[in-house]
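Shown next, in C-alpha cells, is the structure this report addresses.
Since every read-out is calculated from the coordinates, none of them should be taken as a lab result. Since we're looking at a predicted model, the values are computed, not measured. Here the Cβ is made from the backbone with ideal geometry for all residues, glycine too, and neighbour counts use every protein chain on show.
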Amino acid sequence: MNTVKPLIGLGTAAIGRPQYINVRQEEGASISLEEFRNKGRDTLEYAYQNGIRYFDTAPGYGLAEELLLDWVKTKQDPDIEVATKWGYTYVANFDPTATTHEIKEHSLTKLNEQWLQSQKLLPYLKIYQVHSATFDSGILENEEILKRLYELKSKHNLIMGITTTGDNQIEVIKKTLNIVIEGNSLFDAFQVTYNVLDQSLNDIMDTLKEQHNKVIIKEALANGRLFPNDNYLTYQPLYQILQKLADKYKVGIDAIALRFCIDSIQPYKVLSGAANSDHITDNLKVSNFTLNTNEIEILKSFRSKPSEYWEERKKLGWN
Ligand SMILES: NC(=O)c1ccc[n+]([C@@H]2O[C@H](COP(=O)([O-])OP(=O)(O)OC[C@H]3O[C@@H](n4cnc5c(N)ncnc54)[C@H](OP(=O)(O)O)[C@@H]3O)[C@@H](O)[C@H]2O)c1
C-alpha cells in the first residue's frame, strides 16, 4: 500500500525553530544551532528517502525555509512540491527564553520582502500561501495585495493558497472562495486544521472538492493533544479508542490520527509535523492499513466544538 506515502507531506515548523507550539512538558535537551540545522537537514533527507515529496515551509519557521532551499537544490527531482507562505516573521532568534516568537503582518511590503527570498524555491515552489488568513488582518479585502498575488500566480504558474487557523476557519474559506480577479478565482489551495477533535472542515469539504481546490491538512495530531495526557481528562475515552486501534494495526497513535484524516475526507495532503526521523518512520506507517467505516464513525464521534478546541489550543505553550 505504498501509494499512501505521497499523501503525507512534511511540515517544517518543528525543524526550523527549536521552540514550537505543542503539549510537551519537559525541557528538550539543548543543542547548538549547528546541530539543530544538521538534524533538520537529516530529517528532510530521511523524509525524501522514505518517499515524501511534499514539503511545507514558511519564513516564519525560523531557519526552515532556508534549510529547505539549500537541501532541495541538491535533489534535482521534478516530483518535489514545495509550499511556502508569507505574512509571519520569525523574531525569537533561537533564544529559548524569548517571549515573542513571530510577528504577523499582512502588508504589501511584507509580501514583496518575503517573496524576494521565497522565489528562490522555484521551480520546486508550487503553492504560495497567505500564512493564517483572518478577517482582522484585512488581507481578504486588500485589493492591492490580492492583485499582486494574482500577478505572482500568473507569472510563475503558482497555485495560490491560504492557511486557516481558529474557530472560524470555514467562514474564512467561504469568503476566500469568492475572491475573483480578472474573472478567475484567485485561491485554489487551502491548508486547514483538521483532526479527530476539530472536524469543522467537513462542512465545506464537498464544495472545495467540487471546485477542484487542493486541501492540505495541518495539525492532524492536534499539536500532540491526541497522545495520552493526564492534563486532558475529558479525552481519556478517546485515548483508549486510539490506543485500541493502534494496537490492532500495530502502529502508533500518530498513524491512526493521520489515517483518520486520509480516510475520512481524502485530502490532497496531510502534513506530518515530524521533528525527527523517528517521527517520520512512525507517521509513514499510515501506509500499512486503512480504517474501516465503523472505526471512522467512532473517531468522528469525538469531535469537539471549534470554539472549545481553539480555546484549548490558545493555552498551549511554545516548548
Ligand atoms: N499555517 C499555519 O498557520 C500552520 C500552523 C500549524 C502548523 N502548520 C503546518 O503543519 C505542520 C504540522 O503541524 P503541527 O506540527 O503544528 O501539528 P501536529 O502534527 O498536530 O503535531 C505535531 C506535534 O506532535 C508531537 N508528536 C509526538 N509524537 C509524534 C510523532 N510520532 N510524529 C509527529 N509528531 C509527534 C510533536 O511534538 P514533540 O516533538 O514535542 O513530541 C509535534 O510537535 C507544521 O510543520 C506546519 O508545516 C501550519
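Brief remarks on what is shown
- Cα centre as origin, Lys/Arg/Asp/Glu Cβ charges: the chain dipole, Debye: 500 debye
- Counting only residues at least eight positions apart within a chain, or on another chain, the aspartates and glutamates with an alpha carbon under 14 Å from that of residue 104 are 113, 136.
- FRET efficiency, residue 278 to residue 144 (Cβ-Cβ, R0 51 Å, nearest 0.05): 0.65
- Separation of alpha-carbon centers, the range 120-159 and the range 225-294, rounded to whole Å: 32 Å
- Backbone amide hydrogens, once placed in the peptide plane, bring residue 272 within less than 5 Å of 9, 10, 11, excluding anything fewer than 5 places away on its chain.
- Candidates 127, 76, 183 compared by Cα position along the dipole of the range 66-189: farthest toward the positive end lies 76, with charges placed on Cβ.
- Here each label is just a point 7 Å from Cα along the line to Cβ, and for residue 154 and residue 211 those points are 2.0 nm apart.
- For the range 55-61, backbone phi angles converted through the Karplus equation (6.51, -1.76, 1.60; θ = phi - 60°) give residue-by-residue couplings of 10, 10, 9, 5, x, x, 9 Hz, Gly and Pro being listed as x.
- The order of 57, 100, going from fewest to most other C-beta atoms within 10 Å of their C-beta, is 100, 57.
- Per-residue 3J(HN,Hα) values for the range 215-228, derived from phi via the Karplus relation 6.51 cos²θ - 1.76 cosθ + 1.60 with θ = phi - 60°, read 10, 10, 9, 10, 6, 4, 9, 6, 6, x, 5, 7, 8, x Hz in sequence order (x marks Gly and Pro).
- With a Förster radius of 35 Å applied to the C-beta separation of residue 178 and residue 290, the computed FRET efficiency comes to 0.50.
- Of 85/300; 214/300; 218/244; 175/209, pairs whose Cα-Cα distance is over 27 Å: 85/300
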